Amino acid sequence: MAMLFLLAMLTVCAAIPRDLNTKMFTFPQETSTAHVQLTTSHKQLKAVTVCLRSFTDLSRSHSLFSLATPSFANDFLIWKETEEGQLSIYVRNQRVTFIGQNYKVNTWHSICATWDSASGVAQLWLDGMFSSRKFVSSGSNITGPITIILGQEQDSPGGGFSAPQSFLGMMADIHMWDYVISPAEIQNYGYRYVHFQTGNVLSWNMLDFQVTGRVLVEDQQD
Ligand SMILES: *[C@@H]1O[C@H](CO)[C@@H](O)[C@H](O)[C@H]1NC(C)=O
Ligand SMILES: [Ca+2]
C-alpha cells in the first residue's frame, strides 16, 4: 500500500517541470527500453531548433533526439550515421546528411539542428561550427501530438525501439524552439555560461520529463 502511494506520488511529481541546470542524463547501459520522454504542450511546429550537449564512446549509429508524431516516426530526428563524421537530420521522414563533421568520441559536443518549413532548409551546428545548408522538406508543418524521446529511436510514437539504435553516454542542456534561432544565439549556446534565450518548446531550466528504465539524473562532469 505504501509502495502504491509512493508510485502515485512519483507519477504526480514527474509532471512537475524541473530545473536541470548543472545536471545531466546518464544512459549507462545498452537496452531497447531505457529512455527519457520529454513533454511539450506545443502541437504544431513550422520551424525547429534543437540544441543539446552529448558525450559518448559509441562508434555505431545512434539517436541523439527523436521526435515522432502519428504521421511520421521521424518527424524530427538527429541521427549519427555509422559512417565516421556523418550526422543526419530527418524531417517528416526525409533525411539530409552532413558529412565531414568532427564528432569525436569521449568528448562533450554541442549540437544544434535547425529547420524551417518555408524554405525547407536544415542546418547542423557542431561545437559552434556551421554545416552547409541543405534542403530536406518544405511546405508542411510538424503537427502533433508530439512525442519526444532521448536514449532511443522511435519507429512509432513512444515505441519501436531497438538496442542497436540506442544512445549510451551522457546528455545535457537540451533546449528546443519553434523557430530558427540566430547564428549569434547558437554561438552563445555553444560557448556555455554565456547568456542565451532558453527554449520555448523545451527548456533545460524547466523540463517536463519522465524516465523509464536505467537512466540517471546526475551532476554534470566537464
Ligand atoms: C503552419 O503553422 C503556422 C502557424 O504556426 C500557420 O500559420 C500555417 O498556416 C501552417 N502551415 C500549414 C501548411 O499548415
Ligand atoms: Ca528504429
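Throughout, read-outs are computed from the coordinates displayed, never taken from laboratory work. Worth saying up front: this structure is predicted, and the values here are computed from it rather than measured. Reconstructed Cβ throughout: ideal geometry from the backbone, glycine too, with neighbour counts over all protein chains shown.
Observations, loosely collected:
- Candidates ASP127, ASP155, ASP178 - the one that is farther than 25 Å from ASN200 by Cα and of a type in the set (D, E, K, R): ASP155
- Residue selected from region 107-123 under the condition in contact (Cβ under 8 Å) with a residue 60 or more places away in the chain and hydroxyl-bearing (Ser, Thr, Tyr), by the criterion nearest to PRO183 (Cα to Cα): THR114
- The condition of being more than 14 Å from the chain's Cα centre (by Cα) and either within 16 Å of ligand 1 (Cβ to nearest atom) or surrounded by 14 or more Cβ atoms within 10 Å (Cβ to Cβ) (or both) does not hold for ASN106.
- Some residue of region 72-83 being surrounded by 22 or more Cβ atoms within 10 Å (Cβ to Cβ) and within 16 Å of ligand 1 (Cβ to nearest atom): yes
So that you can scan it fast, the table gives a plain yes or no per residue for (1) of a type in the set (Lys, Arg); (2) surrounded by 20 or more Cβ atoms within 10 Å (Cβ to Cβ):
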{"residue": "PRO164", "(1), (2)": "no, no"}
{"residue": "ALA184", "(1), (2)": "no, no"}
{"residue": "ARG192", "(1), (2)": "yes, no"}
{"residue": "GLY199", "(1), (2)": "no, yes"}
{"residue": "LEU202", "(1), (2)": "no, yes"}
{"residue": "LEU216", "(1), (2)": "no, no"}
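- Qualifying residues in region 185-203 (those that are assigned to a helix (DSSP H, G or I) and touching a strand residue (DSSP E or B) at 6+ places or on another chain (Cβ under 6 Å)) - the one nearest to PRO17 (Cα to Cα): TYR189
- Within region 117-152, the set of residues being more than 16 Å from ligand 2 (Cβ to nearest atom), under 17 Å from the mean Cα position of the chain (by Cα) and on the phi < 0 side of the Ramachandran plot comprises ALA122, GLN123, LEU124, TRP125, LEU126, ILE142, GLY144, PRO145, ILE146.
- Of the candidates GLY100, GLY169, the single residue that is within 21 Å of GLU83 (Cβ to Cβ) and touching a residue at least 60 places away in the same chain (Cβ under 8 Å) is GLY169.
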